[in-house]
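The values are calculated or read from the model by the stated rules, or taken from the named source; none is laboratory data. Quantities reported herein were computed from a predicted structural model and do not represent experimental measurements. Reconstructed Cβ throughout: ideal geometry from the backbone, glycine too, with neighbour counts over all protein chains shown. The accessibility values were calculated without ligands, DNA or RNA, using every heavy atom of the protein model including side chains. Shrake-Rupley method; radii C 1.70, N 1.55, O 1.52, S 1.80 Å.
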Amino acid sequence: MNGREVFKIAVRALEESSREALSANNLAPGDIHHVVAHQANLRILEAVMKRLEVPMDRCHLNIEQVGNTSSASVPLTLDQALRANAIKDGQNVLMMAIGGGMSWGSALVRW
């Protein structure tokens, strides 16, 4: 795989799918309280957050503790955020993931 090209595709795909989820719910990036993302690469997450203009402190991270846990990363990160009582009722949680075969998606949940 060409790492630079994968990086570009991942950033673009996650930004676009996140914006699509926001648009479908008549919300803007500023309405996001929490981001729970696939923990494959910190640089990808930083780039997506920058493009969305959402502060990194809203993105829950665990990649430094557990590494890339593949398809378990979103539910694992969400569970950790909930156990830390970080997510409150009524807050908007944007979830995003990208995986092998270059498949991706985003979901927006009002907790």
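Points to keep in mind about this one:
- Restricting the range 40-69 to residues that are open to solvent by 70 Å² or more (accessible area, probe 1.4 Å) and assigned to a helix (DSSP H, G or I), the residue that is farthest from K88 (Cα to Cα): R43
- Qualifying residue in the range 18-26 (condition: under 10 Å from the mean Cα position of the chain (by Cα), open to solvent by less than 30 Å² (accessible area, probe 1.4 Å), in contact (Cβ under 8 Å) with a residue 40 or more places away in the chain and under 20 Å from W111 (Cα atoms)): yes
- Any hit, the range 90-110, residues being free of Cβ contacts under 8 Å to residues at least 12 places away in the same chain and either surrounded by 12 or more Cβ atoms within 10 Å (Cβ to Cβ) or more than 25 Å from F7 (Cβ to Cβ) (or both): no
- Pairs, first touching a residue at least 12 places away in the same chain (Cβ under 8 Å) in the range 46-67, second in a helix (DSSP H, G or I) and among the hydroxyl-bearing types (S, T, Y), C-beta under 7 Å, six or more apart: L52/S18; H60/T77; N62/T77
- Any hit, the range 5-15, residues being of a type outside the set (K, R), in contact (Cβ under 8 Å) with a residue 24 or more places away in the chain and in contact with an Asp or Glu (Cβ under 9 Å, 6 or more places away or on another chain): no
- Residues satisfying the stated conditions in the range 1-20, i.e. part of a helix (DSSP H, G or I) and either polar (S, T, N, Q) or in contact with a helix residue (DSSP H, G or I) (Cβ under 8 Å, 6 or more places away or on another chain) (or both): F7, A10, V11, L14, E15, S17, S18, R19
- Verdict on I87 being at pLDDT below 95 and not aromatic (F, W, Y): no
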